[in-house]
Amino acid sequence: MEQNFSITGRTGLTGLLGSPVAHSLSPLMHNEAFRQLGLDYVYLCFDVKEAKLETAVQGLKACGIRGFNLTMPDKNRMAELADELSPAASIIGAVNTVVNENGRLIGHNTDGTGFMRSVADAGLSIQGASMTIFGAGGASTAICAQAALDGVKNLYIFARPASRFHQRTLRLVDTINLSTGCRAVLCDQADRAALKQALEKSSLLVNATSVGMAPDTNRSILEDASLLRPELTVADIIYNPRETLFLRQAREAGCRAFNGMYMLLYQGAEAFRLWTGQEMPVESIREKYFKR
């Protein structure tokens, strides 16, 4: 990456917490945006597992970090550690962006808006349509909430009943059904018949789990690719590898398919705005780093 700026005594620190993070494009994206706009900030990655998250957050807070992003597996735990939550983060129960406001850590969630912008970029309108999603973690919850707000008519969520997020997902389903025009249903991930019925009605299928992410690239969340049909658009929030086994199955079935690259770009652009008060130069960043 081209570097035309220097670290100074006043350089503001931003970064990413999660595990693994070495593959992340976030440092390239944010540091290039800082460079282009002449902002005295730097963005670094910190490999932090959930068990060490509280200690890491307290240390970064003590050091005066301006803000940071969170990726798996830290998003849900951060919702408990933040001093305050935005309305979206409160509903979702997960945080992917933190802003340090004079020692108070404000938790936000920009995942849902980032994903829905990437769906629009793929040429799909989901208003009034049905959608199926795998996962019950922070990313899935954010996407489900935003999809319901954006006009999805039916939402089929497939997750493991033994998931530690099961009760939270049940509450999310109730909230969506009570407060939006969307009808949400939580299904057992192992229920093949229910999955078949959901996919027959859906325009969009999403993997919002980490299944298939590097280095475990030989797995797919979808065990039976015969359930796919060409009219279905398929998305995977994973972007490393660029083509997961799940996406390969989709393309071989004739589906339009895309990865999590633009979701990362757009959620990052919103985080950038929250930290700096300025708009990220999205078009140039996309051209330089984000090729699906």
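Looking across segment 155-189, the residues that are surrounded by 17 or more Cβ atoms within 10 Å (Cβ to Cβ) and closer than 18 Å to Met116 by Cβ come down to Leu155, Tyr156, Ile157, Leu172, Ile176, Thr180, Cys182, Ala184. Consider Leu60 carefully, then state whether it is among the aliphatic types (A, V, I, L, M), farther than 16 Å from Thr11 by Cβ and surrounded by 19 or more Cβ atoms within 10 Å (Cβ to Cβ). So Leu60 does not fit the description; no. Please go through segment 45-57 and pick out each residue that is of a type in the set (Val, Ile, Thr) and either open to solvent by 10 Å² or more (accessible area, probe 1.4 Å) or over 26 Å from Thr8 (Cβ atoms) (or both). Within segment 45-57, Val48, Thr55 meet the criteria. Selection of first residues in segment 279-292 that are more than 13 Å from Ser26 (Cα to Cα) and open to solvent by 40 Å² or more (accessible area, probe 1.4 Å) and of second residues that are part of a loop (DSSP other than H, G, I, E, B) and of a type in the set (D, E, K, R), restricted to Cβ pairs under 9 Å at least 6 apart or on distinct chains, gives the following pairs, ordered by first then second residue: Lys291/Arg242; Arg292/Arg242. For segment 210-237, filtered to residues that are among the hydroxyl-bearing types (Ser, Thr, Tyr) and over 20 Å from Ala22 (Cβ atoms), the residue that is farthest from the chain's Cα centre (by Cα) is Ser226. Return yes when Val42 is more than 15 Å from Ala271 (Cβ to Cβ), out of contact with any Gly (no Cβ under 7 Å at 6 or more places or on another chain), open to solvent by less than 30 Å² (accessible area, probe 1.4 Å) and not in a loop (DSSP other than H, G, I, E, B) and no when it is not. It is false that Val42 is more than 15 Å from Ala271 (Cβ to Cβ), out of contact with any Gly (no Cβ under 7 Å at 6 or more places or on another chain), open to solvent by less than 30 Å² (accessible area, probe 1.4 Å) and not in a loop (DSSP other than H, G, I, E, B). Each residue in segment 255-278 was checked for being in contact with an Asp or Glu (Cβ under 9 Å, 6 or more places away or on another chain), open to solvent by less than 70 Å² (accessible area, probe 1.4 Å) and more than 16 Å from Leu25 (Cα to Cα), and 3 of them qualify.
Residues are listed down the side, and each one gets a yes or a no for (1) over 18 Å from Gly137 (Cα atoms); (2) of a type in the set (A, V, I, L, M, F, W, C); (3) in contact (Cβ under 8 Å) with a residue 40 or more places away in the chain:
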residue	(1), (2), (3)
Leu172	no, yes, yes
Cys187	no, yes, no
Lys196	yes, no, no
Ser202	yes, no, yes
Leu228	yes, yes, no
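Counting the residues of segment 191-208 that are open to solvent by 20 Å² or more (accessible area, probe 1.4 Å) and either within 23 Å of Met263 (Cβ to Cβ) or small (Gly, Ala, Ser) (or both) gives 3.
To keep it simple, each residue is scored yes or no on (1) in contact (Cβ under 8 Å) with a residue 60 or more places away in the chain; (2) surrounded by fewer than 20 Cβ atoms within 10 Å (Cβ to Cβ); (3) at negative phi.
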| residue | (1), (2), (3) |
| --- | --- |
| Gly64 | no, yes, no |
| Phe68 | no, no, yes |
| Thr71 | no, no, yes |
| Asn76 | yes, no, yes |
| Glu80 | no, yes, yes |
| Pro87 | no, yes, yes |
| Ile91 | yes, no, yes |
| Val95 | no, no, yes |
| His108 | yes, no, yes |
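Rundown of residues vs (1) at pLDDT 95 or above; (2) under 30 Å from Leu170 (Cβ atoms); (3) not small (Gly, Ala, Ser), yes/no style:
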position: Gln3; (1), (2), (3): no, no, yes
position: Ser19; (1), (2), (3): no, yes, no
position: Lys52; (1), (2), (3): yes, yes, yes
position: Asn76; (1), (2), (3): no, yes, yes
position: Gly93; (1), (2), (3): no, yes, no
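As a summary of the residue check, Ala129 satisfies the conditions (1) in contact with a Leu (Cβ under 8 Å, 6 or more places away or on another chain); (2) touching a residue at least 60 places away in the same chain (Cβ under 8 Å); (3) open to solvent by less than 10 Å² (accessible area, probe 1.4 Å) except for the one numbered (3). The helices (runs of 4 or more DSSP H) found entirely in segment 73-185 that carry 3 or more residues being of a type in the set (Gly, Ala, Ser) are 87-92, 111-121, 138-149.
The values are calculated or read from the model by the stated rules, or taken from the named source; none is laboratory data. Fair warning: this is a prediction, and the values are worked out from it, not measured in the lab. No Cβ is skipped: glycine too gets one built from the backbone with ideal geometry, and neighbour counts run over all protein chains shown. When the accessible area is computed, the model is the full protein with side chains, heavy atoms only, and any ligands, DNA or RNA have been set aside. Shrake-Rupley method; radii C 1.70, N 1.55, O 1.52, S 1.80 Å.
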